[in-house]
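Peer 1: Encoded as structure tokens, here's the structure I'll be asking about.
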Amino acid sequence: MDWQAWHDEYDRPDSRLARRLRVVQDRIRLALESCSPGPVKVISLCSGQGHDLLDVLVDHSRRDDVRARLVELDPRNTAVARSAAAARLDRVEVVTGDAALADHYRGMVPADIVLTCGIFGNITDEDIERTIGFCPRLCATGGTVIWTRHRGAPDRVPLICDWFEECGFEREWVSDPQAGFGVGVHRFTGRPQPLAMGERMFRFIGDATATPCS
Ligand SMILES: C[S@@+](CC[C@H](N)C(=O)[O-])C[C@H]1O[C@@H](n2cnc3c(N)ncnc32)[C@H](O)[C@@H]1O
């Protein structure tokens, strides 16, 4: 998979991926609005070119409260995100690196908003569960995880919801099964646990059979 070219679908407004992006952006807007007054921390794992968060932040009323860290492996994508952020968002940091490594989130966890978009269709079921198991260490009490997963067989969205809910998260919203993609929002009601540095959450394997909405 060419992960730079993968983003081209976002330029076709009727594509499934572009529709999914608009849904994720709406959910980010709502999550920002629900944050208490004061500083807001956002982390994005496998952030790609950062369209979901950056496009929302530029004109959001909470933009000056937000400190964000985007972690993405492909330097072509981080270059795009960095240049978008540099233009107007000076509290957004873009890191080129392996988003599965806990060390990249030092100083940014527990975060108020955690984005895991485009990951769960590209890792094993075991690693989806493992990554969700890390979310109580990534997310602040009352914080939100916004995640995606395609709805192709096997439809893992119900299982993903179960795994979040076993880890102290409440389901806030899940997209309609007929939408053509899966987007979920879970809010953390537990107490954040410490994130040990040096730990790995997942191994990104990609899925050659997946739709773009993985
Ligand atoms: C399906 S895309 C999703 C991009 C973005 N989150 C979005 O939804 O628009 C997956 C992204 O993960 C990146 N990626 C793959 N393995 C990674 C890793 N180990 N650490 C960080 N990023 C990775 C790819 O380069 C690609 O940009």
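The values are calculated or read from the model by the stated rules, or taken from the named source; none is laboratory data. Computed from a prediction, not measured in an experiment: that's the story for all the values here. Backbone-built Cβ (ideal geometry, glycine too); neighbour counts: all protein chains shown. Just the protein is used for accessible areas: all its heavy atoms, side chains included, with ligands, DNA and RNA removed. Shrake-Rupley method; radii C 1.70, N 1.55, O 1.52, S 1.80 Å.
Peer 1: For the chain, with every protein chain kept in place, what is the accessible area per residue (1.4 Å probe, Å²)?
Peer 2: For the chain, the per-residue accessible area is 45 Å².
Peer 1: Hey, how many Å between the Cα centroid of segment 175-191 and the Cα centroid of segment 39-56?
Peer 2: Result: 17 Å between the Cα centres.
Peer 1: Report the Cα-based extents of segment 93-214 along its three principal axes, largest first, to the nearest Å.
Peer 2: Computed over the Cα atoms, the extents are 38, 29, 26 Å.
Peer 1: Taking 22 Å as R0, compute the FRET efficiency from the Cβ-Cβ separation of Asp103 and Arg203 and round it to 0.05.
Peer 2: 0.85
Peer 1: Rounded to the nearest percent, how much of the accessible area of the chain (1.4 Å probe, protein heavy atoms only) is carbon and sulfur?
Peer 2: Roughly 49 percent, rounded to a whole number.
Peer 1: Given a Förster radius of 41 Å and the C-beta distance between Ala79 and Arg22 as r, what FRET efficiency does 1/(1 + (r/R0)^6) yield to the nearest 0.05?
Peer 2: For Ala79 and Arg22, the calculated efficiency is 0.95.
Peer 1: What is the sum of charges around Glu93, taking Lys and Arg as +1, Asp and Glu as -1, for the other residues whose C-beta is under 13 Å from the C-beta of Glu93?
Peer 2: +4
Peer 1: While we're on this one: Report the residues of segment 15-49 in range of a label on Thr189: point 7 Å along Cα→C-beta, backbone N strictly under 13 Å from it.
Peer 2: none
Peer 1: If you restrict to DSSP beta bridges whose two residues both lie in the chain, what percentage is antiparallel, to the nearest 5?
Peer 2: Percentage antiparallel, nearest 5: 35.
Peer 1: So what is log10(I(q)/I(0)) for the chain at q = 0.13, 0.14 1/Å, when the Debye sum runs over its Cα atoms only?
Peer 2: -0.66, -0.78
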